Amino acid sequence: MLDWNTLLWHGALLALLFASVVLLVARRAPRMFLVRGEVPPDIFAAAAPLNAAEQAQSTRVMGVLMAILVGGTLYSTYTFAQHSGVGYGVLFLHALLIQLSITTFDLIFIDWLVLNTLTPAWSVFAGTEGLPGYKEYSFHAKVHLKLLPRQLLGAAAIAGIALLLARLV
């Protein structure tokens with residue numbers, strides 16, 4: 001049986017950590033998020049491409065965000081497995097719900113509220129001011145929906161690893 005208290009607590013903490021890193025980086029160096037498929041096509045086409053240093057920095061930022069998403073989900077699922085003794089199916093559901101907590105918060109708070117609704121000046125790439133992509137809510141929803149198969153596979157792998165580790169320790 002799922003532990004909703006742990007699920008909500010870990011999901012909220014990881015979502016806030018993920019969003020904090022995104023906002024901190026976006027506020028200081030928004031171009032780190034100028035990645036094909038992560039911004040609407042009109043904005044990506046109009047913005048100057050990342051230089052080599054920016055590409056390396058962007059890769060590091062994405063690595064940190066993936067570490068929060070995957071590492072945080074693994075930690076939460078592993079500790080849940082240790083304390084609950086539940087099977088693979090419940091661990092899979094736990095891992096999936098943790099990931100969905102993080103990415104849904106990102107979609108609603110970062111993408112829709114901050115980027116689409118508020119669109120602060122620091123979030124607009126030079127040369128892309130006024131483009132319709134900044135108000136394209138559906139773009140972000142589609143990006144998040146495309147992530148779902150990877151989240152399912154990730155949750156499956158994380159649940160397996162957590163179960164294996166919990167039984168070994």
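Working only with C-alpha atoms, what are the Rg and Dmax values of the range 60-169, expressed in angstrom?
17.3, 56
Can you tell me the dipole magnitude for the chain around its Cα centre, using point charges on the Cβ only (Lys, Arg +1; Asp, Glu -1), in Debye to the nearest 20? Don't jump to the answer; show the numbers that get you there.
Numbers: 10 positive and 8 negative charges, 48 e Å.
With Lys and Arg at +1 and Asp and Glu at -1, about 240 debye.
Please report the net charge: other residues with Cβ closer than 15 Å to the Cβ of VAL70, K and R +1, D and E -1. Mind dumping the intermediate values first?
On the way: positive: ARG150; negative: ASP106.
Net local charge, VAL70 excluded: 0.
Loop-only trypsin sites (Lys or Arg not before Pro) in the range 73-151, please: DSSP not H, G, I, E or B, and at most 14 other Cβ atoms within 10 Å.
Details: sites: LYS135, LYS142, LYS146, ARG150; in loops: none.
Qualifying residues, ordered by number: none.
Of ALA81, SER138, TRP122, whose Cα points farthest to the positive end of the dipole of the range 4-168 (charges on the beta-carbon: +1 Lys, Arg; -1 Asp, Glu; origin at the Cα centre)?
Towards the positive end, the residue furthest out is ALA81.
For the chain, list the DSSP H helices whose alpha carbon atoms reach 15 Å or more along the long axis and whose average Kyte-Doolittle value is 0.0 or above?
Qualifying helices, which must be both long enough and hydrophobic enough, are 4-28, 52-66, 88-105, 137-168.
HN-Hα J couplings of the range 122-132 from phi, Karplus 6.51/-1.76/1.60, θ = phi - 60°, integer Hz, Gly and Pro as x?
Those phi angles translate into 5, 8, 9, 6, 4, x, 10, 4, x, 5, x Hz.
Can you give the extra length, in nm with one decimal, that the chain gains between ASP42 and LEU17 once fully stretched, where that is 0.36 nm per residue apart less the Cα-Cα distance?
On the way: separation 25, 0.36 × 25 = 9.00 nm, distance 2.96 nm.
Using 0.36 nm per residue and subtracting the Cα-Cα distance, I get 6.0 nm.
PHE109 to LYS135: extension gain in nm, 0.36 nm per residue of separation minus the Cα-Cα distance?
Working: separation 26, 0.36 × 26 = 9.36 nm, distance 1.43 nm.
Gain on extension, PHE109 to LYS135, equals 7.9 nm.
Set the Förster radius R0 to 22 Å, insert the Cβ-Cβ distance between LEU164 and TRP4 as r into 1/(1 + (r/R0)^6), and round the FRET efficiency to 0.05.
On the way: r = 24 Å, r/R0 = 1.11.
Working from the Cβ atoms, E equals 0.35.
Run the numbers on the range 1-103 and let me know its relative contact order in percent, using alpha-carbon pairs under 8 Å that are six or more apart. Please list the in-between numbers first.
Details: 64 pairs, mean separation 48.4, N = 103.
Relative contact order comes out at 47 percent.
Bear in mind that the values in this text are calculations on the coordinates, not laboratory data. This one's a predicted model, so the numbers in the text were calculated from it and none came from an experiment. Don't worry about glycine lacking a Cβ; one is built from the backbone with ideal geometry, like all the others, and counts go over all protein chains shown.
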